[in-house]
Every structure is written in structure tokens, then in C-alpha cells.
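A quick write-up on the structure given underneath.
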Amino acid sequence: MGLAGWYTAPMFQVTEAALDALYKGRVDSGHAEGEVMRLISQGDGFGFKLDSPGMTDLVYRHNGQEVLLVASSLNRTMGHLRMDVVSSNGKRSFVLERAER
């Protein structure tokens with residue numbers, strides 16, 4: 001079977017603004033080397049926890065630093081989404097929205 005026959009799952013996307021916010025959060029919090037924010041499913045939404053990269057994780061970097069981990073299993077269910085950051089009343093929040101393909 002040629003490559004055209006392979007199914008390719010959509011890839012979870014992260015905007016540059018979100019990567020920058022995650023990077024700044026890492027620097028401001030002084031995370032130890034190897035401690036990276038992991039995207040986790042939480043109820044009807046999502047959250048973060050500090051973790052170390054696993055072998056099958058998608059690893060997102062900014063300014064040469066690992067800033068976000070997404071498990072391959074989470075990518076399969078959330079691969080059609082994109083993480084962005086929005087500001088409201090001086091507070092930054094991460095949001096997930098449908099990715100434009």
C-alpha cells in the first residue's frame with residue numbers, strides 16, 4: 001500500500017501566542033529542568049499538570065524550551081483543536097477552538 005493509503009490523524013495545534021504564554025509561565029514559576037506543563041482532559045474541559053515527557057508525547061517548544069506535552073492518546077481525541085490564549089481584563093486564559101485546516 002502506498003503512502004496515500006495511510007490514515008493520518010489530525011495534529012493538535014498550539015498558536016505562537018499560547019506557546020509564548022506557556023514559556024513565560026514556565027520562566028515565572030521557575031519550573032525545574034524536565035518539568036513541563038501537560039495538557040490533560042478534565043471533566044468537560046481541559047487543564048494542566050506538571051509532568052515529564054514520555055516516549056509517545058507530542059512535545060511543543062518555545063525559545064528552545066519544552067513548554068507543553070500532549071499525550072498521543074489525547075491528540076487522537078483532540079487533534080482537531082487548536083490551543084490559543086486570550087486576554088480579558090488583564091488576565092490571560094487558554095482556550096481550545098476548532099482548528100482551521
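The values are calculated or read from the model by the stated rules, or taken from the named source; none is laboratory data. Because the structure is predicted, anything quoted here is derived from the model rather than measured. Every residue, glycine as well, gets a Cβ built from its backbone with ideal geometry; the counts of neighbours run over all protein chains shown.
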Flagged in region 57-87 as assigned to a helix (DSSP H, G or I) and in contact (Cβ under 8 Å) with a residue 40 or more places away in the chain, in numbering order, are LEU74, ASN75, ARG76, MET78
One residue from GLU16, GLU100, GLU66 being surrounded by fewer than 16 Cβ atoms within 10 Å (Cβ to Cβ) and at pLDDT 90 or above: GLU16
Please determine, by comparing only the residues of region 35-50 that are farther than 17 Å from SER93 by Cα and touching a strand residue (DSSP E or B) at 6+ places or on another chain (Cβ under 6 Å), which one is surrounded by the most Cβ atoms within 10 Å (Cβ to Cβ). VAL36
Could you grab me the full set of residues in region 19-34 that are of a type outside the set (A, V, I, L, M) and surrounded by fewer than 16 Cβ atoms within 10 Å (Cβ to Cβ)? ASP20, LYS24, GLY25, ASP28, SER29, GLY30, GLU33, GLY34
On the given criteria, is ARG92 surrounded by 12 or more Cβ atoms within 10 Å (Cβ to Cβ), at pLDDT 90 or above and of a type in the set (Lys, Arg)? no
For region 14-44, what are the residues that are more than 15 Å from VAL85 (Cβ to Cβ) and either in contact with a helix residue (DSSP H, G or I) (Cβ under 8 Å, 6 or more places away or on another chain) or assigned to a strand (DSSP E or B) (or both)? VAL36, ARG38, ILE40, SER41, GLN42
By residue number, the members of region 51-63 that are surrounded by fewer than 17 Cβ atoms within 10 Å (Cβ to Cβ) and closer than 20 Å to MET11 by Cα are PRO53, GLY54, MET55, THR56, VAL59, ARG61
